[in-house]
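Everything below concerns the one structure shown next.
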Amino acid sequence: MLSWLGEKVDPTKYLLGYALVVLLAVSEAFPMSLSALIGAALLVAFGVSDGAISFDKALSFVDLELLALLIGVMVVVEVVDRCGTFRYLALKVVRKALRRPALLLIATGLMSALTSLLLSDEAALLLIVAILLSLGKAGGFDPIPLAVTSAIMVNLGGTGTLIGSVPNMAVGIKAGFSFPEFASYLLPCEFALYGVTLALLFLYYRGKLRLGFKELELEEIEVSRVDVAKGAFLLFLMLSLLVAAGIAEFPASAAALASAIAALALSGFDTLEVFQRLDWDTVFFTAAFTVIIGVLESVEALKGLALWLQGAAGGSIALASFLVLFVSGAASLLLPNLIVALSFIPVIEDLPFADKRPLWSSLVLGSNLGGVGLPVSSFVIVMTIGALRREGYEIDPWSITRIGIPLTAAWLAFSAIYLLIRFGLL
Amino acid sequence: MAKMEELIEKRFKSVEEKYREELDLVCEALGKPCIILHVQLPEGCEEYRELFEKLPGDEEFMAELQEFVREALKKKAEKQAREEAQS
């Protein structure tokens with residue numbers, strides 16, 4: 001990249017700035033958003049002083065469509081969460097399966113994954129773990145296998161839809177995937193992975209599930225049926241609008257914003273309270289990190305990775321997809337998956353393949369599935385350990401790694417086979 | 001290992017309030033209303049901080065607390081009934 005002074009811009013300091021942001025984010029020295037804002041300020045200052053970009057250009061790197069989709073979905077999910085719809089459904093399902101340990105593991109796992117398809121991973125996990133721990137104490141069963149299953153399934157859930165996770169939104173928008181299109185590429189893989197994972201977890205935990213269950217006095221679930229129905233309707237509305245957006249070819253972000261406005265207007269909840277509870281750390285992080293990536297692209301700092309991938313794949317889309325899948329999967333073992341997804345997007349854009357659907361799908365799978373390998377890389381695992389300990393259950397963090405690493409390897413291997421079949425890469 | 005424990009504690013603390021809220025909502029939905037009490041470490045017990053932080057997970061302590069609450073509620077109800085009868 002040549003600056004306006006006609007000199008070639010050396011990308012080294014930009015890459016060092018990027019590395020600093022990643023380090024700050026991983027070390028949690030600051031909140032994620034502040035780490036990214038510091039990095040964005042630094043890289044924009046480098047870019048402007050080198051004449052590589054203007055300040056206006058830097059502002060244009062903020063992906064408004066992504067932010068609109070993210071905030072729209074967050075508002076709807078917050079309103080639905082307040083309606084208690086997920087709590088009611090999860091309680092119904094878990095209580096139905098309460099006296100049959102194997103069924104309970106499967107029901108809990110499925111409920112966790114399906115809840116996290118729509119709720120954030122954090123909200124989904126807190127809900128399921130709170131249910132398991134409150135029923136576990138009263139029912140005298142060991143909640144550890146069920147809570148760990150929940151954490152793993154929450155991490156898995158949300159891979160298959162455009163709104164399932166923030167990396168999905170970022171990749172989906174860049175790839176130009178509509179909601180139905182995204183689901184058609186990735187949802188079958190996610191559902192198949194549910195089956196594989198639950199089977200493996202059942203085999204692993206079956207000895208620990210045969211504990212005597214106390215008879216529980218099950219009272220009626222006390223929630224407002226009107227609120228539960230309202231939440232279900234708002235979810236249905238959002239999903240319908242997202243599908244309609246795909247068919248009528250208007251942006252998913254518009255559908256999400258329309259759903260958010262409807263949710264705020266129809267729910268009767270205090271709008272400002274809803275706004276206060278949104279995950280602004282993720283919103284600001286996403287905005288700032290898209291600026292960082294924009295600056296890196298402007299000075300062609302990520303070109304090296306694209307060239308390496310291109311060379312290693314040797315023109316084969318199957319090999320390039322596998323590389324994206326495994327490299328992004330391995331990277332998200334150590335790094336937050338949003339950093340991995342946002343960093344890989346320009347690399348895929350640079351690859352010279354006409355049909356990039358397998359590559360985008362590989363990135364979604366890789367960045368979503370790498371999260372449970374190590375406790376440090378997975379917020380849901382850490383939350384599960386913390387909640388179990390607060391309730392007096394002792395759990396060794398590395399015991400989850402012993403399950404997480406082989407599971408991640410199995411997921412990635414399964415996904416590679418899925419990609420071969422789904423996109424006819426054989 | 002110590003670093004890992006520190007990280008787990010730090011991260012969980014950032015969501016602990018939300019977790020307690022969720023736990024209360026679940027208890028309430030199950031017909032068992034909860035109240036949240038913020039109890040400070042009593043003065044002079046600074047050296048027992050670690051034990052203090054483990055109390056919410058201590059079943060024996062929770063059973064004693066439950067008994068204490070039961071007795072307190074009975075006393076309050078009796079007092080209220082006496083006052084109502086007098087007035």
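The values are calculated or read from the model by the stated rules, or taken from the named source; none is laboratory data. These numbers come from a predicted model, not from an experiment. Cβ placement follows ideal geometry from the backbone for every residue including glycine, while neighbour counts extend to all protein chains displayed.
Evaluate region A:299-311: report whether one residue or more is under 25 Å from A:ILE421 (Cβ atoms) and either buried (at least 22 other Cβ atoms within 10 Å of the Cβ) or more than 22 Å from the chain's Cα centre (by Cα) (or both). Within region A:299-311 (the criterion being under 25 Å from A:ILE421 (Cβ atoms) and either buried (at least 22 other Cβ atoms within 10 Å of the Cβ) or more than 22 Å from the chain's Cα centre (by Cα) (or both)), the answer is yes, since at least one residue qualifies. If you check A:PHE141, A:PHE86, which single one turns out to be over 21 Å from the mean Cα position of the chain (by Cα), aromatic (Phe, Trp, Tyr) and more than 18 Å from A:GLY195 (Cβ to Cβ)? Sole residue among the options that is over 21 Å from the mean Cα position of the chain (by Cα), aromatic (Phe, Trp, Tyr) and more than 18 Å from A:GLY195 (Cβ to Cβ): A:PHE141. Taking the criterion of being touching a residue at least 40 places away in the same chain (Cβ under 8 Å), surrounded by fewer than 18 Cβ atoms within 10 Å (Cβ to Cβ) and of a type in the set (Gly, Ala, Ser), the only residue of region A:410-425 that qualifies is A:ALA410. Taken together, the criteria place A:GLU300 among residues that are more than 30 Å from B:VAL15 (Cβ to Cβ) and of a type in the set (Asp, Glu). Residues of region A:145-178 that are buried (at least 24 other Cβ atoms within 10 Å of the Cβ) and assigned to a loop (DSSP other than H, G, I, E, B): A:GLY157, A:GLY158, A:THR159, A:GLY160, A:LEU162, A:ILE163, A:GLY164, A:SER165. Checked against the criterion of being within 30 Å of A:GLY370 (Cα to Cα), basic (Lys, Arg) and modelled with pLDDT under 95, region A:205-217 has at least one qualifying residue. Might you let me know whether region A:64-75 holds any residue that is charged (D, E, K, R) and either farther than 16 Å from A:LEU126 by Cβ or outside any helix (DSSP H, G or I) (or both)? Within region A:64-75, one or more residues are charged (D, E, K, R) and either farther than 16 Å from A:LEU126 by Cβ or outside any helix (DSSP H, G or I) (or both).
Here the condition is being touching a Gly at 6+ places or on another chain (Cβ under 7 Å), crowded, with 20+ Cβ neighbours inside 10 Å and closer than 22 Å to A:LEU193 by Cα; of A:LEU369, A:LEU407, it holds for A:LEU369 alone.
Can you report the number of residues in region B:45-65 which are within 14 Å of chain A (Cβ to nearest Cβ) and surrounded by 10 or more Cβ atoms within 10 Å (Cβ to Cβ)?
13
Hey, does region A:117-139 have a residue that's more than 14 Å from chain B (Cβ to nearest Cβ), within 28 Å of A:LEU278 (Cβ to Cβ), of a type outside the set (Asp, Glu) and assigned to a helix (DSSP H, G or I)? Yes, region A:117-139 has at least one match.
Here is a yes/no grid of residues against (1) β-branched (Val, Ile, Thr); (2) loosely packed, with under 14 Cβ neighbours inside 10 Å; (3) within 14 Å of another protein chain (Cβ to nearest Cβ):
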| position | (1), (2), (3) |
| --- | --- |
| A:VAL9 | yes, no, no |
| A:TYR18 | no, no, no |
| A:VAL21 | yes, no, no |
| A:SER33 | no, no, yes |
| A:ALA41 | no, no, no |
| A:VAL48 | yes, no, no |
| A:LEU59 | no, yes, no |
| A:LEU67 | no, no, no |
| A:ASP81 | no, no, yes |
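Looking at A:ILE381, A:ILE317, A:ILE385, can you tell me which residue is under 29 Å from A:ALA288 (Cβ atoms), hydrophobic (A, V, I, L, M, F, W, C) and either surrounded by 24 or more Cβ atoms within 10 Å (Cβ to Cβ) or at pLDDT 90 or above (or both)?
A:ILE381
Return yes or no: is B:GLU84 over 16 Å from the mean Cα position of the chain (by Cα) and more than 14 Å from chain A (Cβ to nearest Cβ)? Considered against the rule, which asks whether it is over 16 Å from the mean Cα position of the chain (by Cα) and more than 14 Å from chain A (Cβ to nearest Cβ), B:GLU84 comes out as yes.
Of all the criteria given as (1) among the charged types (D, E, K, R); (2) part of a helix (DSSP H, G or I); (3) within 18 Å of A:ALA387 (Cα to Cα); (4) away from every other protein chain (no Cβ under 12 Å), the one not satisfied by A:ASP142 is (2). Of A:VAL347, A:VAL364, all but one fail to be more than 18 Å from the chain's Cα centre (by Cα), more than 30 Å from A:ASP142 (Cα to Cα) and among the β-branched types (Val, Ile, Thr); the exception is A:VAL347. Is it fair to say A:THR108 is in contact with a Phe, Trp or Tyr (Cβ under 6 Å, 6 or more places away or on another chain), assigned to a helix (DSSP H, G or I) and hydroxyl-bearing (Ser, Thr, Tyr)? The answer is no for A:THR108.
If you go through region B:17-44 and keep only what is farther than 19 Å from B:LEU65 by Cβ, facing another protein chain (nearest Cβ under 9 Å) and within 14 Å of the chain's Cα centre (by Cα), you end up with B:TYR19, B:GLU21. Residue-level analysis places A:LEU89 outside the set of residues that are surrounded by 14 or more Cβ atoms within 10 Å (Cβ to Cβ), in a helix (DSSP H, G or I) and modelled with pLDDT of 90 or more.
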